[in-house]
Amino acid sequence: MQKPSFEELFLKQLPFESKNLTQEQKYAFNELKRRKEVIKTDIVTERNIELKEIYNELIKAKLSFKNIIDELSPSMLKDNSWRNKSFRRYDIKINVPSISGGRRHFVNEAVAYIKKVWLEMGFKEMQGPLLQTSFWNFDALFTAQDHPAREMQDTFFIKNPEKGKLPEKRFVDGVKNAHENGFKTGSLGWRYKWSPETAMKNVLRTHTTVLSARTIAALKKDNLPAKYFTVGKCFRNETVDWSHLFELCQVEGIVIDPDVNFKNLVGYLTEFYKKLGSEKVRIRPGYFPYTEMSAEVDVFHPVRKEWVELGGSGIFRPEVVKPLLGIEVPVLAWGLGMERAISMYYGITDIRDLYKNDLKQLREIKAWLK
């Protein structure tokens, strides 16, 4: 008769405590563990508790806790029942679990503050849909129909519905003439044949400046002077990385006033960023198709010790204003990146961290206080 193996002997002698296994049994145990559903292992934790001598003395003393209270209630204060009683001691250094109350998302806190700043400066808020025709998103802003910004690699075009409606004929004719010949502004325009079919294509708005164009078109001479702002989403066909998002927020503003000039533009931007905590603001020359003069807006990063670009600004060209408003009047305009400003305040180095909704970050991040 064949001699039984270590494994067979082990199975017949189960159960075992692992601490009592012999070398042969340990070998059999390890071999059987490699096989599926042959043996089951339970982990049992044993704890031995021993009272120190002082606790035995306390038990013998038969202490009474009837006159010890945990908290002081309004009724105790009223009937004086707290008198002649002792309060339980609390260890204020002991580790306790943190309690996180409900609060706004820190990005929403920043948005609310930014809106408050512009409202306090006398601006009205403008709003509009995320889906726009290319007419309002590009053409009304004097962006040529062959401009690289209108390519698929930069813009999200909509398949359904692929096209939208053009506005009133007077706006269409004005914008068409601005592109083709300058529309009585002294400009030669872009000097090409403007296509209404191209202007009808639907896109996700690539900037909030589209709202500025629509707001100007809705104004009348009697409404001037006027100041508007918005804080809204826009979309770019970007590769997402530490400094780029395909969905971003822009802080937009316009001032339509016959008496304003470039110095006023610098003043508005400087005041805004000071209210956001940036003392050093730099305005330097830039280029945008729909503004002249054009300027980039930089603020000094106190930690990185360098200037950081936060947006663009300028004065709308007559080719933008006259077809929409009917007259030439200075329009100060700016479009500022909100995420970068927020990242600087919170010390966030990866812009994606603004929206990842990490619970630990949301609970621990400081409130937006200015």
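Every residue, every condition in (1) within 30 Å of Y345 (Cβ to Cβ); (2) of a type outside the set (A, V, I, L, M), yes or no:
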residue	(1), (2)
M76	no, no
R83	no, yes
Y90	no, yes
P97	yes, yes
H105	yes, yes
A112	yes, no
V117	yes, no
G122	yes, yes
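Each residue in the range 78-121 was checked for being assigned to a helix (DSSP H, G or I) and closer than 30 Å to L248 by Cα, and 15 pass.
Condition check ((1) crowded, with 18+ Cβ neighbours inside 10 Å; (2) touching a Ser or Thr at 6+ places or on another chain (Cβ under 7 Å); (3) within 25 Å of Y287 (Cβ to Cβ); (4) not hydrophobic (A, V, I, L, M, F, W, C)) across all residues:
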| site | (1), (2), (3), (4) |
| --- | --- |
| D146 | no, no, yes, yes |
| I158 | no, no, no, no |
| E162 | no, no, no, yes |
| P167 | no, no, no, yes |
| V175 | yes, no, yes, no |
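Checked against (1) in a helix (DSSP H, G or I); (2) of a type in the set (S, T, N, Q); (3) surrounded by 10 or more Cβ atoms within 10 Å (Cβ to Cβ), S75 meets all criteria but (3).
Within the range 90-119, the residues that satisfy the criterion of being under 24 Å from S343 (Cβ atoms) and charged (D, E, K, R) are R103, R104, E109, K115, K116.
Annotation: of all residues in the range 122-159 being among the small types (G, A, S) and not in a loop (DSSP other than H, G, I, E, B), the one that is modelled with the lowest pLDDT is A149. Would you point out the residue of the range 139-154, among those that are out of contact with any Phe, Trp or Tyr (no Cβ under 8 Å at 6 or more places or on another chain) and touching a residue at least 40 places away in the same chain (Cβ under 8 Å), that is nearest to K322 (Cα to Cα)? Here the answer is D154.
Rundown of residues vs (1) within 26 Å of the chain's Cα centre (by Cα); (2) closer than 30 Å to H244 by Cβ; (3) of a type in the set (F, W, Y), yes/no style:
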position: E120; (1), (2), (3): yes, no, no
position: A140; (1), (2), (3): no, yes, no
position: G164; (1), (2), (3): no, yes, no
position: A178; (1), (2), (3): no, no, no
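Just checking, how many residues over the range 279-336 are under 22 Å from I256 (Cα atoms) and either among the β-branched types (V, I, T) or not assigned by TED's automatic domain parsing to the domain that holds V255 (or both)? Residues meeting the conditions: 9. The conditions of being in a strand (DSSP E or B) and in contact (Cβ under 8 Å) with a residue 60 or more places away in the chain are not met by L362. Every condition in (1) closer than 30 Å to W190 by Cβ; (2) buried (at least 16 other Cβ atoms within 10 Å of the Cβ) holds for K115 except the one numbered (1). Taking the range 177-191 as the range and being surrounded by fewer than 19 Cβ atoms within 10 Å (Cβ to Cβ) and part of a helix (DSSP H, G or I) as the test, the residues that pass are N177, E180.
Every residue, every condition in (1) more than 30 Å from E364 (Cα to Cα); (2) touching a residue at least 12 places away in the same chain (Cβ under 8 Å); (3) surrounded by 10 or more Cβ atoms within 10 Å (Cβ to Cβ); (4) among the charged types (D, E, K, R), yes or no:
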position	(1), (2), (3), (4)
K40	yes, no, no, yes
V44	yes, no, no, no
R47	yes, no, no, yes
D91	no, no, no, yes
N95	no, no, no, no
R103	no, yes, yes, yes
F123	yes, yes, yes, no
G128	yes, yes, yes, no
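Scanning the range 12-50 for residues that are of a type in the set (A, V, I, L, M) and assigned to a helix (DSSP H, G or I) gives A28, L32.
Residue check: K366 meets all listed conditions (1) under 28 Å from F138 (Cα atoms); (2) within 23 Å of the chain's Cα centre (by Cα) but one, namely (1). Of the residues that make up the range 341-356, is at least one closer than 30 Å to N181 by Cβ, free of Cβ contacts under 8 Å to residues at least 40 places away in the same chain and among the aliphatic types (A, V, I, L, M)? No: the range 341-356 contains no residue that is closer than 30 Å to N181 by Cβ, free of Cβ contacts under 8 Å to residues at least 40 places away in the same chain and among the aliphatic types (A, V, I, L, M). Please find, within the range 218-266, the residue that is surrounded by the fewest Cβ atoms within 10 Å (Cβ to Cβ) out of those that are part of a helix (DSSP H, G or I) and among the aliphatic types (A, V, I, L, M). Here the residue is A218.
Considering L332, L325, L336, the condition of being modelled with pLDDT of 90 or more and within 28 Å of R103 (Cα to Cα) is satisfied by L336 alone.
The values are calculated or read from the model by the stated rules, or taken from the named source; none is laboratory data. This structure is a prediction, so every number in the text was calculated from the model and none was measured. No Cβ is skipped: glycine too gets one built from the backbone with ideal geometry, and neighbour counts run over all protein chains shown.
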